[in-house]
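The structure appears below as structure tokens.
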4 protein chains.
Amino acid sequence: MNFASDNAYAAHPAVMAALNDANSGAMMGYGADPVTARAQEAMREVLEAPEAVVRFVSTGTAANALVCAQLSPPYGRIYCHDDAHIETSECAAPEFFSHGAKLVTLPGTGGKLAPETLARAIHVGAGVGLNGGLNAMVSITNATEWGTVYTAAEVAALAAVAQGAGLPLHMDGARFSNAVASLGCSAADLTWRAGVDALCFGGTKNGAMAAEAVVFFDPAHAEGFDYRRKQAGHVFSKNRYLAAQMLALATDGLWLDLAGRANAHAQVLGEAVQAGGGQLLQPVQSNAVFATIRAETHARARAAGAQYYLWPDKSAEGLDPVPLRLVCAWDTPEADVAALAAILRG
Amino acid sequence: MNFASDNAYAAHPAVMAALNDANSGAMMGYGADPVTARAQEAMREVLEAPEAVVRFVSTGTAANALVCAQLSPPYGRIYCHDDAHIETSECAAPEFFSHGAKLVTLPGTGGKLAPETLARAIHVGAGVGLNGGLNAMVSITNATEWGTVYTAAEVAALAAVAQGAGLPLHMDGARFSNAVASLGCSAADLTWRAGVDALCFGGTKNGAMAAEAVVFFDPAHAEGFDYRRKQAGHVFSKNRYLAAQMLALATDGLWLDLAGRANAHAQVLGEAVQAGGGQLLQPVQSNAVFATIRAETHARARAAGAQYYLWPDKSAEGLDPVPLRLVCAWDTPEADVAALAAILRG
Amino acid sequence: MNFASDNAYAAHPAVMAALNDANSGAMMGYGADPVTARAQEAMREVLEAPEAVVRFVSTGTAANALVCAQLSPPYGRIYCHDDAHIETSECAAPEFFSHGAKLVTLPGTGGKLAPETLARAIHVGAGVGLNGGLNAMVSITNATEWGTVYTAAEVAALAAVAQGAGLPLHMDGARFSNAVASLGCSAADLTWRAGVDALCFGGTKNGAMAAEAVVFFDPAHAEGFDYRRKQAGHVFSKNRYLAAQMLALATDGLWLDLAGRANAHAQVLGEAVQAGGGQLLQPVQSNAVFATIRAETHARARAAGAQYYLWPDKSAEGLDPVPLRLVCAWDTPEADVAALAAILRG
Amino acid sequence: MNFASDNAYAAHPAVMAALNDANSGAMMGYGADPVTARAQEAMREVLEAPEAVVRFVSTGTAANALVCAQLSPPYGRIYCHDDAHIETSECAAPEFFSHGAKLVTLPGTGGKLAPETLARAIHVGAGVGLNGGLNAMVSITNATEWGTVYTAAEVAALAAVAQGAGLPLHMDGARFSNAVASLGCSAADLTWRAGVDALCFGGTKNGAMAAEAVVFFDPAHAEGFDYRRKQAGHVFSKNRYLAAQMLALATDGLWLDLAGRANAHAQVLGEAVQAGGGQLLQPVQSNAVFATIRAETHARARAAGAQYYLWPDKSAEGLDPVPLRLVCAWDTPEADVAALAAILRG
């Protein structure tokens, strides 16, 4: 029973089938193959963005950090949430790729930035002069690191603040599919129509082996990006295998279907937490549950073989109640979900 | 008929099967899975190096550049051949990853460094002081960028020079398998027994989708490497899919078998070139042929649909004879090889 | 009446005299001159550290950032105070020089880190794994950015925490002289005897034109540092002029005398603030006063031509009381100090 | 008798006087002082470039490397001569500051690039794709590293090639004054009128202590440059002392006068070499002589206390004739010049 992370789970059969389909004969390398072209086109269709520049990389850290380096100079200030993945979980990759950009982290309820918080920070940043660096970009995560979801209107409000200061807006969408599935809106509504300039559209956590799409809605933002990607070792010679994964997800709405399944699992667990007297730390809006449960319940879950992280502090063992994170994937076995739910209900 | 590059070809069925095998259920991420452990062990067995640290990345550029950053400080001098892949074909990734290290390139017949050339350069480098930077490491490619192969004795001679100056020796082995297949020696003989400290053991050009192993024979050289890899976005969350590819190649000598097939194709083409009055620019020792052929022969090959690069200058079209590069893969169709050979024979 | 910064003030006549003394005839460049040797020796004597490696650079940002790059890998975590100069005022130079190191900032009263805060953060950092990077070093500022001073015992307590985790301790001593003058201890007591590994000993704010000494008490920490400094453009060809400034300050205790003068000015202003009903935000322990004063008093000071920054937010104009920072230098005219003090007293 | 380098010599009395003049009372820091404003204006007048952006830094390496980082992305190709100072003598600072840019070095007689060589290289570079990086800029040195001088027409010819490819042209002018003095043209003719986009105008080797001016003739090229300079630790808080040096040199043509004196010394030595049967390796066009002299003459020069470097290989001792470099400064004692000339004449 693995609820540790959605990246603990497997690739979808359709992804494997697409890899097999792509695996025949010779094709020109470095993205000049027909699979890549089709996958790029499919992503543009999903996003209703016919002019967008779409590139594939193999990890979310690469996707995010390359975008940061693309949109911020070394002396730039990148505004993000205190708990943003780019701040907490990428080993300073944005700083490394950008050659020094400063992540200016901001508090916000439920993992979300409020427009007024952002506006205030950008205002302060505009006054720090050479000492503090130059306002460069804003980055948000959707779904967030706390499993919550920005609505299109919330994204638009942040985008308006960013645009007002001339700053591009990046969306870390490692779990973008879960956000769209949760909201029932279109991918376009949640991104470029709301003012997002660059999107990292995650595949890995949603049925791919290792594939993410980097999308620049305005091609001007992508200038030189292929060189940057190459210099970072993120241009695949056999790019078809990266592209095939995203092509499979983009076909027939598979990305949305899988994300919906993972979200549904989380709903089950979230309700079980509450039924059992636990507390949700955040509303369950995507594929993760953040909650506290009784130590006794935790002990029974562990005894039943449930794997998950105590959260946010992995060393919280011994507390009562116990804070934890439960993450579901499209292929988390229903039996596992049911079994853990039963334990949580008590 | 694609002879443009070995990376134009597909993944071997055994690789696909290994991916399918790995694709079941939940496993802990970031390399803490059993597939990764088995693949690392398999690589250590191939290399007869039970203490070696083995890590997997998805591109050769990442593998080489990460090793450069690991073994050279930003102010280091990295000695390599004028035509080394790290110099000509990685978009300055070694400089980017290392934060400034200088590639000091040296001439050498057939893509190979001579010990006396290296010794002389290291001696000069030891005298350049702050102006020129600090001698840091030596990098060679085997098989080389010109399709030739360093023997174990030749590697040992270079390693002796490097060691005499206290410098570690890196081997870019994007086509390491082809070198071993060509020489008939053991992988150990050609690496650590000859004095190689770090090896990039290529899978991508030899039947994988996108997988390379970075091997440090002395664990002390690997200190902090996982952080470096993570910061560069080259740690896969679902590492099993990277590992599975190398595991398949390492199993039952598949890596050697596939490389031998590619090499054999090149032999056929090399002989055909000579039979047809063309000139080999280098002896055919691995899976590539560097030659000049008559313009008329070239025209017939193109007319028959043969894809390959004029070499080293892609804009050499119009010359007579025409210089070119023909690269074979394990799965270059025998019919294609035969067809091109027939044309080359005239 | 300039109380904006100590770097608004001039160079001491003895510094100018030393420059004139050094300005005769030819000397070998890049530090191989007798002035440099004498200045290094003088610094070692001031610090009672005969084995220390001493190098000169021209800015505090360079000094601090070079030390960060020297003691932290790109994937390192550098612990410092929320208000540390390296975090707030160096345009992400530490991240740039180190190629990505993460400044982990911590709260602390009066600009000072508490040992338990540091210990807790280091403990957390030891558990973040690849995601969060590797614990690398600790940096403190003395005198602090809030004008307070760490005692030798306080430094030792922090050093014990750092050493317990195997981390080197850096002291940003842009106003180190003011700290020593304030405490009446020895420079050695406040640094290496207390466990400091690397010191940036400021000259610029204390009577030099542009000169700082970087001191590594253990030569092992300085390995390769000269290359690093050169690569960053911080090796002067005519190094004698950098060295001469520090030589003048190190001679006959001038550094301590000048710092004492600046500190005394601040005492006068601090007492005036309190006499006039203002509030000290921090005890006055070095050459700066952080306080709130009545808006009316502020208006009179401005009308009298007093220059200073509202603090920490330069846009605080309009508040009542007004928060501000007053910084004194060795050569702030006594008349100016007296005039402002009179206004502050009301 | 020091002929090792022009940076072995002292600062001119007018520079010292300017420093003394600047050394009075409080001025706002970081360049917001009247001395800086006057010095910038003076440089613009010298260059007849009223719109130019002028900034001061303390070393030539900083000046050049900051310009490279400003004009080239990390994945850029920077074209320069094989013997360019940025390639041979700055410890890979351009790579460090730019975060990876590749110096593509080209041969050329007398340290000078020929337009056709440059054009060919740029053409090749335009075809290397992601593997080789993106054509970014051209850098030349004037006076060159071999003491020769590009005429305005020669610069214009190179600029035409660069502009034709859309690449900015940088001039490393560590000895720019010597070039202007040698040619008798105007500074404007040799720079922006000939198509130079960025100039590093050296002061250190020509009578300053440590001061260089970075000049962008088109302000658009300077966007963000102050942040870059700050992040590299090259913004002086007491900027007046940097500016004062350049102000002194720019006043009343002192820069040209001093360079002329140094050049004249070199003429004397060059003639003496020839009179004594030595061979000039390059025509003497600035303040350095590159020549071979008889071993016996060399021995007598050494015995008389003459300091200079064997060149280009400092370990050439023992050869007959001996290749060497003699560099003169504005204040190389005439008696020393005469004494060495006498020895050279034999």
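The values are calculated or read from the model by the stated rules, or taken from the named source; none is laboratory data. Bear in mind that the values here come from a model prediction, so they are computed numbers and not experimental data. Cβ: placed from backbone, ideal geometry, glycine included. Neighbour counts: every protein chain shown. The protein model used for the area step is the full one, side chains on, heavy atoms only, and it has no ligands, DNA or RNA in it. Shrake-Rupley method; radii C 1.70, N 1.55, O 1.52, S 1.80 Å.
Details
- Evaluating A:A121 against the criteria (1) within 13 Å of chain C (Cβ to nearest Cβ); (2) of a type outside the set (V, I, T); (3) under 30 Å from B:F96 (Cα atoms) leaves one unmet condition, (3).
- Residue within the range C:323-344 that is on the phi > 0 side of the Ramachandran plot and not aliphatic (A, V, I, L, M) present: no
- For the range D:7-33, the set of residues classified as touching a residue at least 24 places away in the same chain (Cβ under 8 Å) and outside any loop (DSSP other than H, G, I, E, B) consists of D:N7, D:A8, D:A14, D:V15, D:A17, D:A18, D:L19, D:D21, D:A22, listed by residue number.
- The residue of the range B:1-13 that is farthest from the chain's Cα centre (by Cα), among those that are under 19 Å from A:L242 (Cα atoms) and more than 8 Å from every other protein chain (Cβ to nearest Cβ), is B:P13.
- Residues located in the range B:275-300, provided they are surrounded by 22 or more Cβ atoms within 10 Å (Cβ to Cβ) and closer than 22 Å to B:R261 by Cβ: B:V284, B:Q285, B:S286, B:N287, B:A288, B:V289, B:F290, B:A291
- Only helices (runs of 4 or more DSSP H) whose full extent lies in the range B:110-227 are considered here, and the ones with at least 2 residues that are surrounded by fewer than 24 Cβ atoms within 10 Å (Cβ to Cβ) and either polar (S, T, N, Q) or out of contact with any Leu (no Cβ under 7 Å at 6 or more places or on another chain) (or both) are B:115-125, B:129-132, B:152-164.
- Selected residue [touching a strand residue (DSSP E or B) at 6+ places or on another chain (Cβ under 7 Å), in the same structural domain as C:A181 (by TED's automatic domain parsing) and either surrounded by 24 or more Cβ atoms within 10 Å (Cβ to Cβ) or closer than 19 Å to C:A143 by Cβ (or both)] from C:A266, C:A243: C:A243
- Exclusive hit being assigned to a helix (DSSP H, G or I), within 9 Å of another protein chain (Cβ to nearest Cβ) and either under 16 Å from A:A208 (Cβ atoms) or not hydroxyl-bearing (S, T, Y) (or both), set A:L256, A:L242, A:L269: A:L242
- Search result, residues across the range D:71-90 that are in contact with a Pro (Cβ under 9 Å, 6 or more places away or on another chain), open to solvent by less than 30 Å² (accessible area, probe 1.4 Å) and within 14 Å of chain C (Cβ to nearest Cβ): D:I86
- Residues being crowded, with 24+ Cβ neighbours inside 10 Å and over 27 Å from A:G25 (Cα atoms) - total across the range A:246-263: 5
Matching residues to (1) under 27 Å from the mean Cα position of the chain (by Cα); (2) in contact (Cβ under 8 Å) with a residue 60 or more places away in the chain:
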residue	(1), (2)
D:A288	yes, yes
D:R294	no, no
D:G305	no, yes
D:K314	yes, no
D:G318	no, no
D:A329	yes, yes
D:A338	yes, yes
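- Residues satisfying the stated conditions in the range B:112-127, i.e. in contact with a helix residue (DSSP H, G or I) (Cβ under 9 Å, 6 or more places away or on another chain) and free of Cβ contacts under 8 Å to residues at least 24 places away in the same chain: B:A114, B:E116, B:V124
- Note on the range D:35-70: residues that are in a helix (DSSP H, G or I) and either open to solvent by less than 20 Å² (accessible area, probe 1.4 Å) or within 14 Å of chain C (Cβ to nearest Cβ) (or both) total 16.
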